[in-house]
């Protein structure tokens with residue numbers, strides 16, 4: 001990959017990678033740092049990456065950097081501050097987006113990641129498997145379980161609308 005191709009990759013994919021990371025960690029500064037780290041790692045290996053694989057490499061690198069950060073922070077978490085798990089949405093209406101965001105936040109991290117890669121970023125099952133180091137069938141199972149959880153969490157559409 002040439003420097004011009006690298007710059008084009010930055011221009012084309014920086015916003016998508018940032019959105020994907022921000023959806024997961026909900027912290028703008030950490031998301032910017034992760035995206036910057038991903039581009040730095042990509043620059044270090046710019047000679048080894050072909051232009052057609054740059055998008056996949058970038059998302060994979062950002063994803064793994066995000067997982068490393070989440071694991072590091074999880075070790076440092078104060079467990080007394082964690083709210084008890086409650087199933088279902090609150091009785092008052094918060095808006096469909098808020099209910100969906102709450103449901104997404106309750107998903108296990110891997111289910112949330114594969115669902116975001118599939119439904120928000122438009123990756124194929126095979127590409128998601130490459131990014132997350134899962135088999136294609138594992139990706140399909142995680143996406144199915146995530147969608148089922150969200151469907152059950154939201155409940156009948158009449159109650160939400």
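The values are calculated or read from the model by the stated rules, or taken from the named source; none is laboratory data. In this text, all values refer to a predicted model and were calculated from it rather than measured experimentally. Heads up, the Cβs are rebuilt from the backbone with ideal geometry, glycines too, and the neighbour counts pull from every protein chain shown.
Scanning region 56-111 for residues that are at pLDDT 80 or above and part of a loop (DSSP other than H, G, I, E, B), which turns out surrounded by the most Cβ atoms within 10 Å (Cβ to Cβ)?
Within region 56-111, the match that is surrounded by the most Cβ atoms within 10 Å (Cβ to Cβ) is 107.
Please go through region 129-140 and pick out each residue that is closer than 15 Å to residue 109 by Cβ, without any contact (Cβ under 8 Å) to a residue 60 or more places away in the chain and surrounded by 14 or more Cβ atoms within 10 Å (Cβ to Cβ).
Taking region 129-140 first, the residues closer than 15 Å to residue 109 by Cβ are 131-134, 138-139.
From what's left, without any contact (Cβ under 8 Å) to a residue 60 or more places away in the chain: 133-134, 138-139.
Correct list: 134, 138, 139.
If we keep just the residues of region 46-68 that are closer than 16 Å to residue 5 by Cβ and free of Cβ contacts under 8 Å to residues at least 12 places away in the same chain, which is farthest from the chain's Cα centre (by Cα)?
In the first step, residues of region 46-68 are kept if they are closer than 16 Å to residue 5 by Cβ; the result is 46-58.
When the remaining residues are screened for being free of Cβ contacts under 8 Å to residues at least 12 places away in the same chain, the result is 48, 52-53.
Values: 48: 25, 52: 22, 53: 19 Å.
So the residue we want is 48.
Every residue, every condition in (1) over 27 Å from residue 106 (Cβ atoms); (2) in a loop (DSSP other than H, G, I, E, B), yes or no:
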position	(1), (2)
22	no, no
31	no, no
37	yes, no
47	yes, yes
52	yes, no
